[in-house]
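Worksheet: one structure, shown below.
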Amino acid sequence: MTALRERYVVSRQSKPSLPGHVRLQFDPVRQAWAVLSPERVFWPNDVSLDILRRCDGETTVAEIISGLAAEYDAPEEDVAADVLDFLQEWTDKLLVKP
């Protein structure tokens, strides 16, 4: 019998962080940042990396959205949709804790 796990839904009030088995590491050979997880390596683009760097367990998703909107001079509504989608996908993959 297969046990189902509860799906966590990311909201603007969530304070995401990287779980203990996930870390960001710079790869000097590729000159790029990697997200390392057991038996998996992800190569985030610059925007994804900016989101992940803000996932410190203290900053809310709303604050991440505001910071990125200001940094990229983009409307908060557009940034919010992208950030929430990204964080939900990575939470579903157990790469981010909500």
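Bear in mind that the values in this text are calculations on the coordinates, not laboratory data. What you see is a predicted model; the values in this text were computed from it and never measured. Ideal geometry is used to build each Cβ from the backbone, glycine not excepted, and the neighbour counts take in all protein chains shown.
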If each K or R counts +1 and each D or E counts -1, the residues other than Val41 whose Cβ falls under 12 Å of its Cβ total +1
Most positive-pole-ward Cα, Leu52, Ile65, Ala80, against dipole of the stretch 23-92 from beta carbon charges
Leu52
If you take every residue apart from Ser11 with its C-beta less than 14 Å away from the C-beta of Ser11, what net charge results, scoring Lys and Arg +1 and Asp and Glu -1?
+2
Which whole-angstrom value gives the distance between the alpha carbon centres of the stretch 28-44 and the stretch 79-97?
18
Calculate I(q)/I(0) for the chain by the Debye formula, one identical point scatterer on each C-alpha and no solvent, and give its log10 at q = 0.19 Å⁻¹ to two decimals.
-0.92
